[in-house]
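Before any comments, here is the structure.
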Amino acid sequence: MVAKVYIVYYSMYGHVEKLAQEIKKGAESVEGVEAKVWQVPETLPEEVLGKMHAPPKTDVPIITPDELSHADGLLFGFPTRFGMMSAQFKAFLDATGGLWRTQALAGKPAGIFYSTGSQGGGQETTPLTAITQLVHHGMLFVPIGYSFGAGMFEMEQVKGGSPYGAGTYAGDGSRQPSELELAQAFHQGKYFAGIAKKLKGTA
């Protein structure tokens, strides 16, 4: 019995995508778990993206709302816009009304990861406000808590993330996820996959 974990994200400059790939590695380190990375559709025109100096999207497949129901567990990743999830990801979730009507996602475990531009830019408000999306679908929010251990208490270097999930700081866009942030993302994938596998086995 294989537990399918979908890692679904939106990334404008690549920071969230890097976390997603590391989360995938962590999830796949759990025996009996199959992880797949997806991205949600872009909503901005190419002209606007060009003015924002956004790099071209990678070849990660684009998911449709209905495909969410095929997963046994879902991890959602997005950058922050004014302390909340980006409009691109919100637009994708707004299109899941059909799944809500049939309660196709009810009971599925779900986690959150994210990127912000600064230390006060929403490392906690972003996942906190995103939980409402999970609640209305009846999904089971799976935070990492303090299971990452000593990495949660690091004070000597700048580190994104929180008990809600893995995170990174993008700064002006030039900063990339640190080794510690990537380690936390790997941990989230592994931790979440273990829970998804347990729930799959008892279903």
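Take residue 149 and tell me if it is within 24 Å of residue 103 (Cα to Cα) and loosely packed, with under 14 Cβ neighbours inside 10 Å. Quick ask: steps written out before the conclusion?
Values: within 24 Å of residue 103 (Cα to Cα): no; loosely packed, with under 14 Cβ neighbours inside 10 Å: yes.
It is false that residue 149 is within 24 Å of residue 103 (Cα to Cα) and loosely packed, with under 14 Cβ neighbours inside 10 Å.
Residue-level check: of (1) closer than 24 Å to residue 175 by Cβ; (2) at pLDDT 95 or above; (3) not polar (S, T, N, Q), residue 122 misses just (2).
Within region 186-197, does at least one residue satisfy the condition of being over 18 Å from residue 113 (Cα atoms), modelled with pLDDT under 95 and either more than 17 Å from the chain's Cα centre (by Cα) or acidic (Asp, Glu) (or both)? No, region 186-197 has no match at all. The residues of region 107-121 that are open to solvent by 20 Å² or more (accessible area, probe 1.4 Å), touching a residue at least 24 places away in the same chain (Cβ under 8 Å) and over 14 Å from residue 78 (Cα atoms), listed by number, are 107, 108, 118, 119.
Are there strands (runs of 3 or more DSSP E) fully within region 1-94 with at least 1 residues that are open to solvent by 50 Å² or more (accessible area, probe 1.4 Å) and more than 17 Å from residue 111 (Cα to Cα)? List them. Here the list reads 73-81. Residue 72: modelled with pLDDT of 95 or more and over 24 Å from residue 186 (Cα atoms), yes or no? No; evaluated as a whole, the condition is false for this residue. Taken over region 76-91, the criterion of being over 13 Å from residue 137 (Cβ atoms) and not small (Gly, Ala, Ser) is satisfied by 78, 79, 80, 81, 82, 84, 85, 88, 89, 90.
Condition check ((1) of a type in the set (Val, Ile, Thr); (2) at negative phi; (3) open to solvent by less than 70 Å² (accessible area, probe 1.4 Å); (4) in a loop (DSSP other than H, G, I, E, B)) across all residues:
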| site | (1), (2), (3), (4) |
| --- | --- |
| 123 | no, yes, yes, yes |
| 128 | no, yes, no, no |
| 143 | no, yes, yes, yes |
| 181 | no, yes, yes, no |
| 184 | no, yes, yes, no |
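Sub-9 Å Cβ pairs linking a first residue in region 179-203 that is of a type in the set (Val, Ile, Thr) to a second residue that is open to solvent by less than 30 Å² (accessible area, probe 1.4 Å), at least 6 apart or interchain, are 195/73; 195/109; 195/111; 195/142, ordered by first then second residue.
The values are calculated or read from the model by the stated rules, or taken from the named source; none is laboratory data. Keep in mind that this is a model prediction, so the values were computed, not measured. Neighbour counts run over all protein chains shown; Cβ positions are idealised from the backbone, glycine included. Just so you know, the surface numbers come from the protein's heavy atoms only, side chains and all, with ligands and any DNA or RNA stripped out. Shrake-Rupley method; radii C 1.70, N 1.55, O 1.52, S 1.80 Å.
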